[in-house]
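Structure record follows, encoded as structure tokens.
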Amino acid sequence: MLRLVSLKLGRLYRYVKLAVLGSLAAALVLNTHSLLASLQRNELSERRFLQLNKCPACWGTSWCRKFLNGQLRLESWGRLRLLDFFNVKNVYFARYGEPREGSRRVVLKRLGSAQELADIDTKICRRATGRGRCDLLQALPATEFASLNGDVRLLTPGAVEGWSDLVHCPSQRLLDRLVRRYAETKDSGSFLLRNLKDSERMQLLITLAFNPEPLVLQSFPSDEGWPFAKYLGACGRMVAVNYVGEELWSYFNAPWEKRVDLAWQLMEIAEQLTNNDFEFALYLLDVSFDNFAVGPRDGKVIIVDAENVLVADKRLIRQNKPENWDVWYESKFDDCDKEACLSFSKEILCARVTVDHNYYAICQNLLSRHATWRGTSGGLLHDPPPEIAKDGRLEALLDECANPKKRYGRFQAAKELREYLAQLSNNVR
């Protein structure tokens, strides 16, 4: 009986697959002319495709000259708008060319789905007019995004606190850093908000409110050793970042030696974001296999999705001394039946100096047996060699890091795990 059911389900799956492929083939035939046209023209040089008309309700304009001059071109199938149905995240791969440097691959992001971007327009209109539709350019001056225009000197915590994860608990030191390193202005380098044009201030605030990923990449740049993709620039509602490599999930079944090295790097990233000389703790609130990528040449692990990063200023916490500020905080293990689950309190992350959240997130969602991704389970360090499995130390450290059995066990397990992975990695090189 079970075999009969499975056979019927298998046939149904094949029929559905054939129907989808047939529909796509029919659509290709019916739209041959428009498809050929889309392959020939460069949409990245078109203001409408870039949604440049939305500015200053956009991400910026620093790379508009490069876009409009045709220096960027979508790669192969990315030119077919028919396939946008499958590109829910609005992420594109393109070639960027400089006359003397040749071309290189870059990643273009709209920073939201089509619905999410439409919701931005609706929210702006409702805040300004009370209606869901309006003229954005006329509505913006009546929103909070224009309230800091004029002679306002500083971007202060009271003005933007809670707008997004990045500024859930901002310090003045963090906000000065955001303004000083804002890349969508020619006068970057000053923390004075009044040095920005009105349109640039609105772009900065809208980015901060709706998707602060560009500001994370700008404020904690890869050039200074932070583990994020390099920010290049923006035009309208399209930002360009450096292409890193294949996403981490494509290494799920890589050779053991490679996976050990990647796991060690991930734990090093957790340590760097938690404890650094700048005394900013960057907590990853969304950790999954598609949020990291690996460089094909240097094998370096890089964070490629930084939308959900909470930044806590440890220096300010020590200064203000909120309740229990010096008590170590242990994240609660979340044994859910979904992918990439995490349990945390933003308020506590903002109020404690010593927090194990990043170790917990990496161990639970990427490395340990609790990690699941696209139907696979066992984590990045699944199926270790017999001698490693027999020893049992790796499994014990991973379990304690993901779901500690003793108080403050995760802190010690994370430290020992980093050292053990470094040892294994050196042994196999």
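The values are calculated or read from the model by the stated rules, or taken from the named source; none is laboratory data. The structure presented is a predicted model; accordingly, all values stated were derived computationally and were not measured. When we count neighbours, we look across all protein chains shown, and the Cβ atoms used for this are built from the backbone with ideal geometry, even at glycine. With ligands, DNA and RNA removed, areas are computed over all heavy atoms of the protein, side chains included. Shrake-Rupley method; radii C 1.70, N 1.55, O 1.52, S 1.80 Å.
Table for the structure above
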read-out: So Phe411, is it within 27 Å of the chain's Cα centre (by Cα), open to solvent by 50 Å² or more (accessible area, probe 1.4 Å) and of a type in the set (Phe, Trp, Tyr); value: no
read-out: Flag for Leu204 being in contact with a Phe, Trp or Tyr (Cβ under 7 Å, 6 or more places away or on another chain), modelled with pLDDT of 95 or more and crowded, with 23+ Cβ neighbours inside 10 Å; value: yes
read-out: The listed residue being in contact with a helix residue (DSSP H, G or I) (Cβ under 8 Å, 6 or more places away or on another chain) and of a type in the set (S, T, N, Q), out of Asn242, Asn253, Asn276; value: Asn242
read-out: Among (1) at pLDDT 95 or above; (2) at negative phi - the single one Glu279 does not satisfy; value: (2)
read-out: Which listed residue, of Leu140, Leu166, is under 20 Å from the mean Cα position of the chain (by Cα), on the phi < 0 side of the Ramachandran plot and in contact (Cβ under 8 Å) with a residue 12 or more places away in the chain; value: Leu166
read-out: Unique residue being open to solvent by less than 30 Å² (accessible area, probe 1.4 Å) and either without any contact (Cβ under 8 Å) to a residue 40 or more places away in the chain or more than 22 Å from the chain's Cα centre (by Cα) (or both) when the list is Val301, Val309, Val287, Val260; value: Val260
read-out: Flag if Ser199 is in contact (Cβ under 8 Å) with a residue 24 or more places away in the chain, out of contact with any Lys or Arg (no Cβ under 9 Å at 6 or more places or on another chain) and open to solvent by 10 Å² or more (accessible area, probe 1.4 Å); value: yes
read-out: Tally, over the range 316-369, of residues that are of a type in the set (A, V, I, L, M), open to solvent by 20 Å² or more (accessible area, probe 1.4 Å) and within 28 Å of Val260 (Cα to Cα); value: 2
read-out: Output for the range 370-406, where each listed residue is touching a residue at least 24 places away in the same chain (Cβ under 8 Å), closer than 19 Å to Leu342 by Cα and over 24 Å from the mean Cα position of the chain (by Cα); value: Leu398, Asp399, Asn403, Pro404
read-out: Subset of the range 207-238 (residues that are of a type in the set (Lys, Arg) and crowded, with 22+ Cβ neighbours inside 10 Å); value: Arg237
read-out: Positions within the range 185-202 being touching a Pro at 6+ places or on another chain (Cβ under 6 Å) and either outside any helix (DSSP H, G or I) or over 20 Å from Pro157 (Cβ atoms) (or both), in sequence order; value: Ser199
read-out: Unmet criterion (only one of (1) more than 30 Å from Ser250 (Cβ to Cβ); (2) at pLDDT 95 or above; (3) in a loop (DSSP other than H, G, I, E, B); (4) among the charged types (D, E, K, R)) for Arg315; value: (3)
read-out: Within the range 53-103, tally of residues that are assigned to a helix (DSSP H, G or I) and either at pLDDT below 70 or touching a Ser or Thr at 6+ places or on another chain (Cβ under 7 Å) (or both); value: 11
read-out: Filtered residues of the range 281-299 (kept if touching a helix residue (DSSP H, G or I) at 6+ places or on another chain (Cβ under 7 Å) and among the charged types (D, E, K, R)); value: Asp290
read-out: Count of residues meeting criterion [open to solvent by less than 30 Å² (accessible area, probe 1.4 Å) and among the small types (Gly, Ala, Ser)] in the range 103-127; value: 2
read-out: Test set (1) under 23 Å from Pro227 (Cα atoms); (2) at pLDDT 95 or above; (3) not in a helix (DSSP H, G or I) - Cys341 fails condition number; value: (2)
